[in-house]
1. Select the helices (runs of 4 or more DSSP H) contained entirely in region 38-140, then report the ones holding at least 2 residues which are under 17 Å from residue 20 (Cβ atoms).
2. Pull up region 109-121, narrow it to residues that are without any contact (Cβ under 8 Å) to a residue 60 or more places away in the chain and open to solvent by less than 70 Å² (accessible area, probe 1.4 Å), then point me to the one that is farthest from residue 80 (Cα to Cα).
3. All but one of (1) more than 22 Å from residue 119 (Cβ to Cβ); (2) open to solvent by 10 Å² or more (accessible area, probe 1.4 Å); (3) not charged (D, E, K, R) hold for residue 85, so report the exception by its number.
4. Select from region 47-69 the residues that are of a type outside the set (D, E, K, R) and touching a Ser or Thr at 6+ places or on another chain (Cβ under 6 Å) and write down the one among them that is least open to solvent (accessible area, probe 1.4 Å).
5. Considering (1) in contact with a Leu (Cβ under 7 Å, 6 or more places away or on another chain); (2) more than 15 Å from residue 139 (Cβ to Cβ); (3) modelled with pLDDT of 95 or more, say which one residue 66 fails and leave the rest.
6. State the number of residues belonging to region 18-36 that are surrounded by 17 or more Cβ atoms within 10 Å (Cβ to Cβ) and free of Cβ contacts under 8 Å to residues at least 40 places away in the same chain.
7. State whether the residues of region 52-60 include one that is among the polar types (S, T, N, Q) and within 20 Å of residue 129 (Cα to Cα).
8. Cβ-Cβ below 7 Å, separation at least six or inter-chain, first residue in region 51-65 and farther than 15 Å from residue 6 by Cα, second surrounded by fewer than 17 Cβ atoms within 10 Å (Cβ to Cβ) and among the acidic types (Asp, Glu): which pairs?
Amino acid sequence: MSTQDKVLILHGWGGSDAPHWQAELAASIAKEYGTVSFPLLDNCHFPSKNRWVRQLKEILENFKPDTVVCHSLANTLWFWLCNEPNAQELTVVKKLFLVSPPSLTTDVDTIKTFFPCTLPEDLNAKEIQMIVSDNDPYIKVEEAQMMAEHYDI
C-alpha cells in the first residue's frame, strides 16, 4: 500500500474506537501522510443492514477508496453491497481485506437484519486477503475456509 492509496476502514458491530487495532491502523496511515477514512457507521450498537448499505454507497461515491479493510460485521455489509445488481458500478477496489468475518448464518438478535447472507459471486476487488482466528466465537474455521475457497484466496 502506498501513501497515494486511499484506504477505507469499516468497523463492525459496536464500532472500533481506540485502542482497537482499526483506530491504530487509521492513525498509522494518517501519520505516514496516507489518505484514510474511518467513518462511524450509523447506530453502530444497533445496526440496520439497509441503513449501513446506503451509508456505504455514499462513502464509496464520495471517497473512492483503493483499499478497503472490513472487520467483523463490515464483511457481511460488503457481501450485501456486492450482492446488489449494480455492484460493479459502485466500486471495484485494488485490495480488500476481510478481517474476522462472522458466520453467514449468525443469529444474534441485535444484528439479525444482516443474516442470513449469501456469498456474492464477485467481491469487486482485484486482490483479496482474509484474516481469521481459530478461536473466533462468531465463525468456525471450517466456514472461514469455505469462504476463502469460494474466492480462491
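1. In region 38-140, the matching helices (runs of 4 or more DSSP H) lie at 73-83.
2. Within region 109-121, the match that is farthest from residue 80 (Cα to Cα) is 115.
3. Of (1) more than 22 Å from residue 119 (Cβ to Cβ); (2) open to solvent by 10 Å² or more (accessible area, probe 1.4 Å); (3) not charged (D, E, K, R), only one is false for residue 85: (1).
4. 60
5. (1)
6. Counting residues in region 18-36 that are surrounded by 17 or more Cβ atoms within 10 Å (Cβ to Cβ) and free of Cβ contacts under 8 Å to residues at least 40 places away in the same chain gives 4.
7. no
8. If the second residue must be surrounded by fewer than 17 Cβ atoms within 10 Å (Cβ to Cβ) and among the acidic types (Asp, Glu), the pairs left are 51/42; 52/42; 55/42.
The values are calculated or read from the model by the stated rules, or taken from the named source; none is laboratory data. All figures in this text were calculated on a predicted structure; none of them were measured in a lab. In this analysis, Cβ positions are derived from the backbone assuming ideal geometry, glycine residues included, and neighbour counts consider all displayed protein chains. Each accessible area value is taken on the protein alone, full model and side chains, heavy atoms only, with ligands, DNA and RNA left out. Shrake-Rupley method; radii C 1.70, N 1.55, O 1.52, S 1.80 Å.
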